[in-house]
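Derivation of every value follows stated rules applied to the coordinates shown; laboratory data play no part. For clarity, every value in this text was computed on a predicted model and none was experimentally measured. Every residue, glycine as well, gets a Cβ built from its backbone with ideal geometry; the counts of neighbours run over all protein chains shown.
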Amino acid sequence: MSKKSRYFRLAAKKSRPKDFYHQAGDLPGALIVDADAPVPKIELIDYDATHAMCKEVTTPEESATYIHNSNSVSWVDVQGLGSEDILRRLGKEFDLHPLVLEDLVNVTERPKIEDYEDHLVIIARMVVPKDKTYGFHSEQVSLVLGKDYLLTVQEEPEYDCLGGVRSRILKGKGLIRKHKADYLAYSLLDAIIDGFFPVLEQYGERIEQLEDEVLINPSRQTLLQVYQIRRELLQLRRAIWPQRDMINALIRDCSDLISEEVRIYLRDCYDHAVQVMDMVETFRELATGLMDVYLSAVGNRMNEIMKFLTVVSSIFIPLTFIAGVYGMNFEHMPELKWHWGYFVCLAVMAAIASGLVFFFWRRGWLENASNIAHD
């Protein structure tokens with residue numbers, strides 16, 4: 001196996017989650033909690049048209065006391081999946097099916113929607129751009145929508161694109177506090193979809209930089225960066241494609257938990273998802289084109305190098321021939337006895353070399369050759 005093949009196999013293996021699949025024979029509804037997952041942090045936001053409150057609660061039972069108040073909307077945000085006990089107690093308080101809990105913990109779930117009569121389960125994929133380097137953090141966000149509450153479960157507490165929604169609720173901006181929990185669910189989904197755009201802007205800048213690098217100074221490192229971009233764009237495509245279908249299902253399905261007014265807003269969210277999908281496909285095509293340009297640039301560069309070597313060889317071939325003729329050890333060679341024979345031979349060789357250089361210059365071959373020699 002080549003070094004490049006081993007490199008990409010290793011990179012793909014590192015990017016794969018530890019518990020990518022359940023073990024064969026696991027019981028349905030089994031909770032497989034990663035030992036490295038952070039301890040859940042539960043944040044509660046309770047609001048209506050006139051007030052809003054935000055607090056951190058310590059137990060699922062404390063958060064569940066707010067969801068029975070039909071005069072307000074309660075958003076329970078669980079950040080972290082590192083405690084099986086808290087997750088099971090959360091499922092008990094919110095009356096969640098064991099298979100729903102399994103979906104919340106299994107962070108490799110495909111974005112989807114499931115209807116459980118009194119609540120909707122929405123699995124989405126959220127991406128957040130990295131701060132100092134290119135790339136993104138990807139995590140699963142699960143939404144459980146009830147009549148007057150919304151439960152969200154996230155993998156990590158530090159990577160989040162939902163801060164704008166929290167700020168609008170607490171400051172009373174926008175329409176969130178004037179609507180029910182279904183509008184809150186739409187707002188979160190819209191923020192999740194919009195979170196793809198900053199990531200894609202970074203990839204647009206990276207592709208522009210690589211275009212210049214491929215044309216000016218292509219190298220093996222350039223090719224590896226192009227492969228990395230294609231692989232990461234494929235991950236984005238796998239995240240946004242089913243997410244678009246999931247939002248479309250929310251619009252089409254006639255669930256009592258989502259009002260007709262919110263369905264209209266979801267159409268705009270669907271349009272954003274389609275736009276993200278188009279951008280991902282466009283960047284993937286550009287990355288594929290970069291690979292073709294790289295191969296063409298390397299081939300052209302090799303042709304120019306061969307042209308330069310051919311020009312140099314063409315100049316020295318007749319000189320080598322003359323030197324070879326007069327380097328033979330024959331006794332009867334008249335020119336060997338001439339007093340000026342050596343200098344005449346050098347003059348002839350210089351004249352031939354100058355004539356060939358002039359000929360190549362007139363043909364324009366020395367311009368490209370000089371650029372290759374300078375590089």
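Structural remarks
- Exposure proxy ranking, count of Cβ atoms within 10 Å, fewest first, for L309, L44: L309, L44
- Extension gain, L309 to E139, is 55.8 nm, computed as 0.36 nm per intervening residue step minus the present C-alpha separation.
- Net charge of the neighbourhood of A64, taken over other residues with C-beta under 13 Å away and scored Lys/Arg +1, Asp/Glu -1, is -4.
- Computed over the chain, relative contact order equals 13 percent, with contacts defined as Cα pairs under 8 Å that lie 6+ residues apart.
- Note on H97 and R363: their simple-model spin labels are 7.8 nm apart, each label 7 Å out from Cα toward Cβ.
- Helix-only [θ]222 nm of the chain, DSSP H runs n ≥ 4, -39500 (n - 2.57) each, per residue, nearest 500: -19500 deg cm²/dmol
- Long-range amide H partners of L150 with built H, under 5 Å: S74, W75, V76
- Cα-only radius of gyration and Dmax that characterise the chain, units Å: 34.0, 120
- Other residues lying with their Cβ under 10 Å from the Cβ of K147 contribute a combined charge of -3, Lys and Arg counting +1, Asp and Glu -1.
- Dipole orientation for the chain: of the candidates V76, Y47, Y294, Y294 has the Cα lying most toward the positive pole (charges on Cβ; Lys, Arg +1; Asp, Glu -1).
- Ordering C269, C161, C254, C345 from the fewest to the most neighbouring beta carbons within 10 Å gives C254, C345, C161, C269.
- Modelled label positions at L346 and E285, each set 7 Å beyond Cα in the direction of Cβ, lie 6.5 nm from each other.
- Unit charges on C-beta of K, R, D, E only; dipole of the range 53-125, Debye: 220
- For the pair M302 and E335 in one chain, pulling the backbone fully straight at 0.36 nm per residue adds 7.6 nm over the alpha carbon distance.
- Residue among L346, V105, A181 farthest towards the positive dipole end of the chain, charges placed on Cβ: L346
- Here r is the Cβ-Cβ distance between A35 and R237 and R0 is 30 Å; the resulting FRET efficiency, rounded to 0.05, is 0.45.
- Estimated translational diffusion coefficient (Stokes-Einstein, Kirkwood radius over Cα pairs, 10 °C, 1.306 mPa s) of the range 121-227: 99 µm² per second.
- Dividing the mean sequence gap of close Cα pairs (under 8 Å, 6+ apart) by how many residues the range 19-175 holds gives a relative contact order of 24 percent.
- Across the range 243-258, coupling constants 3J(HN,Hα) worked out from phi with the 6.51/-1.76/1.60 Karplus curve, θ = phi - 60°, read 5, 4, 5, 5, 5, 4, 5, 4, 6, 7, 5, 9, 8, 5, 7, 10 Hz, and Gly and Pro carry x.
- Net length gained if the chain between D292 and K130 were fully extended (0.36 nm per residue, minus Cα distance): 55.5 nm
- Among the lysines of the range 19-175, pairs at least eight places apart or on separate chains and with Cα atoms under 21 Å apart come to 6.
- The range 19-175, Cα convex hull volume normalised per residue, Å³: 132
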